[in-house]
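The values are calculated or read from the model by the stated rules, or taken from the named source; none is laboratory data. The structure displayed is predicted, hence computed values, not measured ones. Here the Cβ positions follow ideal geometry from the backbone for every residue, glycine too, while neighbour counts run over all protein chains shown. Please note that ligands, DNA and RNA were not included when accessible areas were found on the heavy atoms of the full protein model with its side chains. Shrake-Rupley method; radii C 1.70, N 1.55, O 1.52, S 1.80 Å.
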Amino acid sequence: MFAYYIELKQSKILFIFTCSLLTTIKGASQNTTVETTSDIIRFVLPAKTLATTFIIGDTKGSWQFTKGFLLNDALTFGLKYAVKKERPDKSDNLSFPSGHTSTTFHSASFIHRRYGFKYSIPAYALAGFTAYSRLEANKHDGWVVLAGAVIGVGSTFIFTTE
């Protein structure tokens, strides 16, 4: 009985999250550039991840996500202002680390760690696309994007349990 309940809850998580991602992709496809799409994903993915924890009644997960998200942002923006690395397009000196990448990888790795890999596949795809878009837009180089991904995943592993 308990195993059936767990499987039903996991199916509900996957259904809700997949529906949310489909609406994200539909809205993003109306934009004309890769960069704009990644800007949307940067805000929508963590918002929908947190909303899903509330919808399924996972208050422990909501708190874990919030703590990881706050740590992720503190590290990301603290490093941006401490390091002051110039962007490849010369637009400013806040390149290191990639905030878009750290935020989306935090969300994807939270889903992975909390609910399992199969539920995180769509989120990892969106996070990977976001990382690619930052390179394509000439906002970051590969090391900066990698650092963002490491910070995002690392902040998840500090606070999130299964």
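A few remarks follow.
- Within the same chain, aspartates and glutamates fewer than 8 places from residue 90 are excluded, and of the rest, those with a Cα less than 14 Å from its Cα are 141.
- Label sites at residue 36 and residue 161, each approximated as a point 7 angstrom past Cα along Cα to Cβ, lie 4.5 nm apart.
- Note on residue 141 and residue 117: the extension gain reaches 5.9 nm, defined as 0.36 nm multiplied by sequence separation minus the Cα-Cα distance.
- Fully extending the segment from residue 82 to residue 43, taken as 0.36 nm per residue of separation minus the present Cα-Cα distance, adds 11.7 nm.
- Cross-link pairs beyond the 32 Å C-alpha cut-off, checked among 60/139; 67/139; 48/80; 60/85: 60/139; 60/85
- A Cβ-based charge dipole, computed about the Cα centre of segment 89-159 with Lys and Arg at +1 and Asp and Glu at -1, lands at about 320 debye.
- Multiplying the residue separation of residue 132 and residue 91 by 0.36 nm and removing their Cα-Cα distance gives an extension gain of 12.9 nm.
- Accessible surface of segment 31-105 [probe 1.4 Å, protein heavy atoms]: carbon and sulfur percent: 66
- Average accessible surface area per residue within segment 67-162, 1.4 Å rolling probe, Å²: 45
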